[in-house]
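Let me begin by presenting the structure, written as structure tokens, before commenting on it.
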Amino acid sequence: MVSEFRSGFVCFVGRPNTGKSTLTNALVGSKIAITSSRPQTTRHAIRGIVSRDDAQIVLVDTPGLHRPRTLLGQRLNDLVKDTYSEVDVIGITIPADEKIGPGDRWIVQQIKAVAPRTKLIGIVTKIDKVSRDAVAQQLVATSELLGEDADVVPVSAKSGEQVGVLVDLIVSTLEPGPAFYPDGELTDEPEETLMAELIREAALEGLGDELPHSLAVVIEEIVPREGRTEKQGELLDVHAILYVERPSQKGIVIGKGGARLREVGTAARTQIERILGTRIYFDLHVKVAKDWQRDPKQLGRLGF
Ligand SMILES: Nc1nc2c(ncn2[C@@H]2O[C@H](COP(=O)(O)OP(=O)(O)OP(=O)(O)O)[C@@H](O)[C@H]2O)c(=O)[nH]1
């Protein structure tokens, strides 16, 4: 019997340095863990996609949860908590080589309070760093921390040991559902797609239903700015075109005196700089591509 296709959203949560990023990369494989598309169900960045014949796991990024000291910290935490209740599975990362402490307990408490129905998996990371006995002890401690309902799995993202077991476990906890990304592939040009998608998202922000299917963004060129000193850091000049279907839509996207387009650029730039860690200068243009939605050649050119 062929089992039903399963899919869902997963995020890794844990104290800093517990191996979340390394694990993400190990799961996603060589294709780097940046991608662009954000499905409707979550407002948070996708870090990677694990695609198999029988399942698709979408790894969602969350900034870390911190003990809030400021109002801004509180707001950030609220955002993170939204993610906890939106995802299907939360993997709590506990390093094998460090004792479970108040920081771990606080995170688990928060998650259980905010997202009581989200499935938890305890992931004991970095098992290559300690003895088998120490791993076993940490598994027991993690199980006590999370409660009986939670599965606990040991893994080394570095050696790859148990990575497949973790994927199997995650898949087994997901509900039947479709692949969110049809071919399951991450693009070979993740940065371009990411930029295009974030610009598109920013341009659609706050607009009604009319525009969404009529807007495509093409990154024409990414050019490193010359003459930057090491101290200034890299700056990328990014030339992008926003294609709309009708002249009336062009006005909407550009806004009065270009105000809206500038906002779009700023919003997308802020996000992209955060994700890529590189400064960006956007040169955005809006063009009308008549009836492109019905023209297969145009569609192809625009990456649809
Ligand atoms: N030996 C070993 N080291 C690991 C493993 N996974 C991660 N590390 C190391 O642990 C450190 C932290 O790993 P990250 O993946 O950056 O941890 P993180 O949880 O994403 O950290 P933050 O981004 O600070 O939250 C890095 O130096 C990794 O190389 C592992 O399986 N084995």
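Nothing in this text is a laboratory measurement; each read-out follows from the coordinates by a stated rule. All of these numbers come straight from a predicted model, not from anything done at the bench. As a convention, Cβ positions derive from the backbone with ideal geometry for all residues, glycine included, and neighbour counts pool all protein chains shown.
Miscellaneous remarks
- Ignoring lysines fewer than eight residues from residue 287 along the same chain, the ones with Cα atoms less than 25 angstrom from its Cα are 250, 256, 297.
- Distance violations [Cα-Cα > 31 Å] among 81/126; 158/231; 99/119; 99/158: 158/231
- Residue 234 paired with residue 173, simple spin-label distance in nm, labels 7 Å along Cα-to-beta-carbon: 3.5
- Phi-derived couplings, Karplus 6.51 cos²θ - 1.76 cosθ + 1.60 at θ = phi - 60°, listed residue by residue for the stretch 156-173: 10, 5, 6, 8, x, 4, 6, 4, x, 5, 4, 4, 4, 5, 4, 4, 5, 8 Hz, with x used for Gly and Pro.
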